[in-house]
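Laboratory data are not the source of any read-out in this text; all were calculated from the coordinates shown. These numbers were taken from a predicted model, which means no experiment stands behind them. Backbone-built Cβ (ideal geometry, glycine too); neighbour counts: all protein chains shown.
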Amino acid sequence: MTIAETRGSYLSMLREHVCVIVFTKKNGEDRTMHCTLRKDLVPENPTFANQAAVVPPSPVKSIRKVNENIISVWDTEQLGWRSACVDSIKSIAVKPA
């Protein structure tokens, strides 16, 4: 399976479920992350302890090439956006209810 196919498979799971991903961080440490892309669980305007709200997006959109080796997800425990390299993911599974 190619990186793009693997990434697509992971994104499909994340759009429908909260998942548990185990991956190796760039510093070599393993991390377990509970995350999702479900629209009902990802806030439209997430707030953080150190700021009132996320700055609204600029009306001018920049065009960037998508890095097929990166997935961005909403961490349901840390309540923030996180990313992981597709090729560093050791396992992904649907989180039990």
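Can you tell me the length gained on complete extension of the stretch residue 38 to residue 83, counting 0.36 nm per residue apart and subtracting the Cα distance? Show your work: numbers first, answer last.
Details: separation 45, 0.36 × 45 = 16.20 nm, distance 1.55 nm.
Stretched out fully, the residue 38 to residue 83 stretch lengthens by 14.6 nm.
Which residues in region 66-96 have a backbone N closer than 14 Å to a point placed 7 Å from the Cα of residue 9 along the Cα-to-Cβ line?
Output list for this probe position: 86-94.
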